[in-house]
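Engineer: Have a look at this one.
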Amino acid sequence: MNVITDKLRVEDNKWIGQRTIRPDGADKVTGRASYAADNTMPGMIWGKVLRSPHAHARIRSIDTSKAEALPGVKAVVTAKDIVDFPLETSVMLGIQDMRWMCRNVMAREKALFHGHPVAAVAAINEEVAAAACALIAVDYEVLPHVIEIEDAIRDDAPILHDFAKFEGKPSNIAGTMTAKLGDVEAGFAEADIVVERTFRTRPIHQGYIEPQACTVSYSADGRATIWSSSQGQFMVRAMTSLLTGVPQSNIRAIPAEIGGGFGAKTIIYLEPVALLLSKKSGRPVKMVMTREEVMRATGPTSGSFSTVKIGAKKDGTFVAAKGDFYIQAGCLPGGPLRGPVGCSFAPYDIPNVLSVGYDVVSNRSKVAAYRAPGAPLGAYAAECVIDEIAEQLGMDPLELRLKNTARSGTKAAYGATFAKVTFEETIEAIRDHEHYKAPLDRNPRPGVKRGRGLASGFWYNAGGESSAQVNITEDGNVVVTTGHPDVGGSRASIANVTAELLGVDHGRVSVLIGDTASIGYSNLTGGSRVTFASAMVVTQSAEKVIGQLKERAAKIWKIDPEAVHWENGEARPAGPNAGQFPPLSLADLAAKASETGGPIGAGVQLNTAGAEPGFATHVVDVEVDVDLGIVRVLRYTAAQDVGRALHPSYVEGQIQGGVVQGIGWALSEEYLYDRQGRLENAGFLDYRMPVCSDVPMIEAVMLEIPNPKHPQGVRGVGEAPIVPPLAAIANAVHDALGTRFYSLPMSPPKVLERLDGG
Amino acid sequence: MTDIRYLAPRTLDEAVAAFAAAQGAARILAGGTDLLVQMRAGVVRPGLIVDIKKIGEMTEIVEPPEGGFRIGAAVAGATLAEHPRFGKVWPGVLEAINLIGSKQVQGRASPGGNLCNGSPAGDSVPAMVAAGAVVTIQGPGGRRTLPVEAVPAGPHRTSLAPGEILVSFTLPPRPAGSSDAYLRMIPRTEMDIAVVGLGASLTLQGGVVTAARIGLGAVAPTVLLVEEAGKALIGSRLDDAALEAAAAACRAACRPIDDKRGTIAYRTRVAGVLLKRTVAIAAARAQGGN
Ligand SMILES: Cc1cc2nc3c(=O)[nH]c(=O)nc-3n(C[C@H](O)[C@H](O)[C@H](O)COP(=O)(O)OP(=O)(O)OC[C@H]3O[C@@H](n4cnc5c(N)ncnc54)[C@H](O)[C@@H]3O)c2cc1C
């Protein structure tokens, strides 16, 4: 058995590391792939959500009688149909508190943002459903609202939640998180140089192309089937169960192809509502959000207001670091404090650290996870301050980072003591890269300035629960089922691993995603955990299958199973002593499966561990049009320890995608609100994500330093690449213009105003 | 649920008759790249759609004997790009029309739609204004012509009377030493809406500007003809003082709003920057460069 695992460590892997054709590729490029909104059912009706027109309002009453009386309307639900989780008791599902989730899917005491669902209707078509929504009379007591962090934390700010207290007083700071190491004040006292700066970022939407959608059919026997796209069908089942009171065993959640999630589809909005509408109407109910609903009322990730202070010795040695991170939670508690608090200083060996995160609520859509939740916000602040320290000390920012890298045995403020740290390698990879060595023409044309910037980043990575089943079909091929929606090419990676382990042609392996009834519990696709965890359970399943195959061959040959080897997809006698038999292929053994003991297949369910953290270092060249204030990215190189690239194209894709999202964050994306607290740019025209022509080819430098705790050496790769770009680009803009921006995005009006001396 | 009727007449007379008879409940459909988006968003709900793409005059590009070009209002951007001579004579108008949207949008989007949609940020409009285009309009009362800058009446409003259809754009013959250019400022490189757009058309003789027209978009409720900017350039050799005077005229003409797409200060400043850049391109083209 170990032969196989050992074999994976050698260079001549046949399938692992190959750019095989992705199993879901043909369907996606021909438009045949079935996404959440593609599902239809006989008798199906349409659900629509009525949303709050106010940013903050008490709901005095809701009268749905007129809507219910409209011909074609089959059901109406409001918060009173959703399971209530009283404010006193926290009920957690993963990192989500059901007290907040039940209020997020349907406003209860108050409407907390413009776009907050207050009721939902199911009707024979979308038009009737929309007309019925307009007939629902909601009696609102409009309250003063607050949008921005700095306004929300003022003493006289309108308070969203009476239950939230900070320092004994009602507050919009709903919670805090601290990471501490050593004694920062003592550390700063030792420093020769201290730089402290304050930074601001705006909320950013994950920007997935596929709007949230689902179809739910609730049958007369009390069983429900949910078709939806998410980052976890088991999360869909569990959360819907909690919010509707239908037991998990009575819910089957079937994952559709997912058109992007980036973290935001780790929670749900529609499924419980559609289930209740289906239950009331007795009909399958379909709900599809519009792009505007997606922008107004799902995600985004937090904006931030952070102060970071770092102290160093004259030689550049960091002695202390302090961070205060005010993070937007949206209208209900639960901002991603863990990102900035834990990750900002984690790449460095700093003896004294104090990192505090504040969870700030305001009248905006509740935030949802977005790649490396919160970490880019902290890294933006920390990595810009590091750049400024390098400038003040007259040191190369790359050498300054190299001097301070965390190493094996370094203790991070968030609690971990690192086993094997591969941060240094990412910096060296950039240092030795042609990009970093290439001279930069700083003034290529009149009115144009160029600069180069550098930044690094860290993400925890994660293991957790995963299940897999590997079955040999009767005709001797292989079907692998896992419980993870494939958002980043995980099926392609798993196909490579399975083909390698079993020694069969890649084309003979099918990888499928099971629904909640066909595979064991599997945690979310998120946190950079899926390839790590599913490769682990698939490896163990495949090893069991190989054990079975050897037993079957042994039975046929009437020799000891120990005397059988599995090689290149065939059972062979281990050596001359074992006997002389012609090899038995997978097909041979499958054909004889019934006679030799029955179906061949095995599954494994594990709580995986050993996901070592991810480190990344990026370098970027920018060009600034100084008359228009436009910043463009000319060249971008991202180095990251990826452990083992099971399928290099999708590892590169993760890195490139993270960088491009970071570019949008740094330069053009932002949520804009009007005075009434309404989002002004709820669409892709005015919410400016980069388009293809805005970004250069992102060069991904994949360092394959095997993670010793994983059978193939895999390390999570999906989050780390979005962590450095904000600071890398800000540092490059400073290099070009000689002036620093402490707020994002660095949009043309902001840049021009600064250049004009504003 | 309202039913929508669709008509695709073969003649302009039929189109005008149907359009006028519907009394405001009808909409003209050219490429539909604005209309269909607006219908989907629920902004307009027409009872009748009159598709004008089957009408010969509206989809042809003609070079009349007296010189110049006559472009049907519904000619798609891609069709204009394929014309063997148009882009050589009016590179600025062509680049403005071709900036609209993407390849897919170009297959449909028309200059007539761009103008009649009435957006102050429509890309082809400042270039047409600079070019001195004259539009032909037909309505229940017959035909009339208007300078293109007289068509926009405010955001999403035009001076077309009820029942009137924009038929074509007539661009004048070009003396030697003439060319034009269009530039817009957008935060992205594509798929965006002009924060400022500027068209410049010049004629130079012996290095001296003898004719100049400047069209400025997205800085006021309608696209503007900035006559002062043209005057500042005429008679000059495009020296810094003349360019700065023209840029100042553009800045002075701006009556922008602060909105999600740009601030007043930004738009005003950029109008001057684009004047200089666009004029430089038009001058280089007029003098035989590209
Ligand atoms: C993805 C995308 C990107 C875009 N990018 C740009 C851009 O970069 N720059 C830009 O300026 N615009 C852009 N647009 C808007 C649009 O494409 C342009 O305004 C285009 O020129 C409209 O032309 P059309 O033929 O499609 O007009 P239509 O949608 O057919 O018509 C537009 C309006 O004008 C009226 N109309 C049309 N023709 C006539 C006529 N002959 N007489 C009277 N009324 C008429 C219609 O009733 C309608 O109200 C974009 C649109 C999309 C969807």
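Engineer: Name the single residue, out of those in the range A:664-673 being in a loop (DSSP other than H, G, I, E, B) and at the interface with chain B (Cβ under 9 Å from one of its Cβ atoms), that is farthest from the chain's Cα centre (by Cα).
Structural biologist: Among residues in the range A:664-673 that are in a loop (DSSP other than H, G, I, E, B) and at the interface with chain B (Cβ under 9 Å from one of its Cβ atoms), the one farthest from the chain's Cα centre (by Cα) is A:Leu672.
Condition check ((1) touching a Leu at 6+ places or on another chain (Cβ under 7 Å); (2) within 30 Å of A:Gly463 (Cα to Cα); (3) part of a helix (DSSP H, G or I); (4) more than 14 Å from chain B (Cβ to nearest Cβ)) across all residues:
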residue	(1), (2), (3), (4)
A:Asn577	no, no, yes, yes
A:Asp588	no, no, yes, yes
A:Leu606	no, yes, no, yes
A:Ala611	no, yes, no, yes
A:Asp621	yes, no, no, yes
A:Arg632	no, no, no, no
A:Gln640	yes, yes, no, yes
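Engineer: With surrounded by 15 or more Cβ atoms within 10 Å (Cβ to Cβ) and either modelled with pLDDT of 95 or more or charged (D, E, K, R) (or both) as the only criterion, which of A:Asp6, A:Asp24, A:Asp12 stands out?
Structural biologist: Residue meeting the stated conditions: A:Asp24.
Engineer: Of the numbered conditions (1) within 11 Å of the chain's Cα centre (by Cα); (2) over 30 Å from B:Gly24 (Cβ atoms), B:Gly112 satisfies every one except a single condition; which is it?
Structural biologist: (2)
Engineer: Out of all the residues in the range A:736-758, which are within 14 Å of another protein chain (Cβ to nearest Cβ) and in a helix (DSSP H, G or I)?
Structural biologist: The answer is A:Pro748, A:Pro749, A:Lys750, A:Val751, A:Leu752, A:Glu753, A:Arg754, A:Leu755.
Engineer: Further question on the same structure: Can you find even one residue in the range B:9-26 that is within 11 Å of the ligand (Cβ to nearest atom), under 21 Å from the mean Cα position of the chain (by Cα), at pLDDT 95 or above and more than 14 Å from chain A (Cβ to nearest Cβ)? Give the steps one after another, and end with the answer.
Structural biologist: The initial filter retains those residues of the range B:9-26 that are within 11 Å of the ligand (Cβ to nearest atom), namely B:12, B:15-16, B:19, B:26.
So of that shortlist, the ones also under 21 Å from the mean Cα position of the chain (by Cα) come out as none.
The answer is no; no qualifying residue exists.
Engineer: Considering only residues that are within 14 Å of chain A (Cβ to nearest Cβ) and outside any loop (DSSP other than H, G, I, E, B), look in the range B:27-41 and name the one that is nearest to the ligand (Cβ to nearest atom).
Structural biologist: B:Val37
Engineer: Scan the range B:38-55 and report the pairs whose first residue is more than 17 Å from B:Ala109 (Cβ to Cβ) and whose second residue is assigned to a loop (DSSP other than H, G, I, E, B) and near the ligand (Cβ under 10 Å from one of its atoms), with Cβ atoms within less than 8 Å and a gap of 6+ or a chain change.
Structural biologist: Here the result reads B:Ile55/B:Ala74, each pair linking the range B:38-55 to a residue that is assigned to a loop (DSSP other than H, G, I, E, B) and near the ligand (Cβ under 10 Å from one of its atoms).
Engineer: Could I ask something else about it? Of the residues that make up the range B:59-75, is at least one in a helix (DSSP H, G or I), more than 8 Å from the ligand (Cβ to nearest atom) and of a type outside the set (Lys, Arg)?
Structural biologist: Yes; the residues of the range B:59-75 include at least one that is in a helix (DSSP H, G or I), more than 8 Å from the ligand (Cβ to nearest atom) and of a type outside the set (Lys, Arg).
Engineer: What are the residues in the range B:121-138 that are surrounded by fewer than 24 Cβ atoms within 10 Å (Cβ to Cβ) and within 7 Å of the ligand (Cβ to nearest atom), if any?
Structural biologist: Once the filter is applied, which keeps residues that are surrounded by fewer than 24 Cβ atoms within 10 Å (Cβ to Cβ) and within 7 Å of the ligand (Cβ to nearest atom), the range B:121-138 yields only B:Ala121.
Engineer: Do you know which residues across the range A:208-226 are among the acidic types (Asp, Glu) and touching a residue at least 24 places away in the same chain (Cβ under 8 Å)? Outline the logic, then answer.
Structural biologist: Here is the first cut: in the range A:208-226, the ones among the acidic types (Asp, Glu) are A:210, A:221.
Within the range A:208-226, A:Glu210 is the sole residue that qualifies.
Engineer: Under 7 Å between Cβ atoms, at least 6 apart or on separate chains: pull out the pairs that start in the range B:67-78 with a residue that is touching a residue at least 60 places away in the same chain (Cβ under 8 Å) and end on any residue that is crowded, with 24+ Cβ neighbours inside 10 Å and polar (S, T, N, Q).
Structural biologist: B:Arg70/B:Ser168; B:Ile71/B:Ser168; B:Gly72/B:Ser168; B:Ala73/B:Ser110; B:Ala73/B:Ser168
Engineer: Sticking with this one: Any chance you could count how many residues in the range B:137-171 are of a type in the set (Val, Ile, Thr) and in contact with a helix residue (DSSP H, G or I) (Cβ under 9 Å, 6 or more places away or on another chain)?
Structural biologist: Residues of the range B:137-171 that are of a type in the set (Val, Ile, Thr), as a first pass: B:137, B:145, B:148, B:151, B:158, B:165, B:167, B:170.
This time we only want the ones that are in contact with a helix residue (DSSP H, G or I) (Cβ under 9 Å, 6 or more places away or on another chain), so: B:148, B:151, B:158, B:165, B:167.
Looking only at that region, the number is 5.
Engineer: Let me ask another. List, please: which pairs have Cβ atoms under 6 Å, are six or more places apart or on different chains, and start with a residue in the range A:361-386 that is at pLDDT 95 or above and end with one that is charged (D, E, K, R) and assigned to a loop (DSSP other than H, G, I, E, B)?
Structural biologist: Close Cβ pairs satisfying both conditions: A:Arg371/A:Glu719; A:Ala372/A:Glu719.
Engineer: With (1) part of a helix (DSSP H, G or I); (2) touching a helix residue (DSSP H, G or I) at 6+ places or on another chain (Cβ under 7 Å); (3) surrounded by fewer than 19 Cβ atoms within 10 Å (Cβ to Cβ); (4) of a type in the set (Ser, Thr, Tyr) as the list, and A:Ser594 as the residue in question, which single condition is left unmet?
Structural biologist: (2)
Engineer: So, of the residues in the range B:104-120 that are among the small types (Gly, Ala, Ser) and more than 6 Å from the ligand (Cβ to nearest atom), which turns out to be farthest from B:Ala74 (Cα to Cα)? Spell out how you get there, then give the answer.
Structural biologist: Looking only at the range B:104-120, we keep the residues that are among the small types (Gly, Ala, Ser), and these are B:107, B:109-110, B:112-113, B:118-119.
When the remaining residues are screened for being more than 6 Å from the ligand (Cβ to nearest atom), the result is B:107, B:118-119.
Numbers: B:Gly107: 11, B:Gly118: 15, B:Ser119: 17 Å.
Checked the range B:104-120; the qualifying residue farthest from B:Ala74 (Cα to Cα) is B:Ser119.
Engineer: On the basis of being within 13 Å of the ligand (Cβ to nearest atom), more than 14 Å from chain A (Cβ to nearest Cβ), more than 30 Å from B:Gln205 (Cβ to Cβ) and in contact with a strand residue (DSSP E or B) (Cβ under 9 Å, 6 or more places away or on another chain), does B:Ala96 make the cut?
Structural biologist: Here the answer is no, as B:Ala96 does not meet what is asked.
Engineer: Just checking: which of the strands (runs of 3 or more DSSP E) contained wholly in the range A:296-389 hold 3 or more residues that are β-branched (Val, Ile, Thr)?
Structural biologist: Of the strands (runs of 3 or more DSSP E) lying wholly inside the range A:296-389, those with at least 3 residues that are β-branched (Val, Ile, Thr) span A:304-312, A:352-361.
Engineer: Report whether or not A:Pro711 is of a type outside the set (Asp, Glu) and farther than 30 Å from B:Gly101 by Cα.
Structural biologist: yes
A quick yes/no check of all residues on (1) in a strand (DSSP E or B); (2) surrounded by 24 or more Cβ atoms within 10 Å (Cβ to Cβ):
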residue	(1), (2)
A:Trp100	no, no
A:Ala120	yes, yes
A:Glu127	no, no
A:Val138	yes, no
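Engineer: Tell me, please, whether a residue that is modelled with pLDDT of 95 or more, within 14 Å of chain A (Cβ to nearest Cβ) and in contact with an Asp or Glu (Cβ under 8 Å, 6 or more places away or on another chain) can be found in the range B:170-180.
Structural biologist: No, the conditions are met nowhere in the range B:170-180.
Engineer: Specify the residue that is modelled with the highest pLDDT; the eligible residues are those in the range B:42-51 that are within 14 Å of chain A (Cβ to nearest Cβ) and away from the ligand (no atom under 11 Å from the Cβ).
Structural biologist: Going through the qualifying residues, I end up with B:Arg45.
Engineer: Right, next: How about the range A:398-505: which helices (runs of 4 or more DSSP H) wholly inside it have at least 2 residues that are among the hydroxyl-bearing types (Ser, Thr, Tyr) and within 23 Å of the chain's Cα centre (by Cα)?
Structural biologist: Because the criterion is at least 2 residues that are among the hydroxyl-bearing types (Ser, Thr, Tyr) and within 23 Å of the chain's Cα centre (by Cα), the helices (runs of 4 or more DSSP H) in the range A:398-505 that meet it are A:490-502.
For every residue, the table says whether it meets (1) farther than 22 Å from B:Val279 by Cα; (2) within 12 Å of the ligand (Cβ to nearest atom); (3) of a type in the set (Ser, Thr, Tyr).
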position	(1), (2), (3)
B:His156	yes, yes, no
B:Ser159	yes, yes, yes
B:Thr170	yes, no, yes
B:Thr189	no, yes, yes
B:Asp192	yes, yes, no
B:Gly215	no, no, no
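Engineer: Determine which member of the set A:Asp63, A:Asp24 is touching a strand residue (DSSP E or B) at 6+ places or on another chain (Cβ under 8 Å), closer than 30 Å to A:Gln540 by Cβ and not hydroxyl-bearing (Ser, Thr, Tyr).
Structural biologist: A:Asp24
Residue-by-condition table, conditions (1) touching a His at 6+ places or on another chain (Cβ under 8 Å); (2) modelled with pLDDT of 95 or more; (3) not hydroxyl-bearing (Ser, Thr, Tyr):
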site	(1), (2), (3)
A:Glu543	no, yes, yes
A:Leu549	no, yes, yes
A:Ala554	no, yes, yes
A:Trp557	no, yes, yes
A:Ala571	yes, yes, yes
A:Pro576	no, no, yes
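The values are calculated or read from the model by the stated rules, or taken from the named source; none is laboratory data. All figures in this text were calculated on a predicted structure; none of them were measured in a lab. We place every Cβ from the backbone using ideal geometry, glycine too, and count neighbours over all the protein chains shown.
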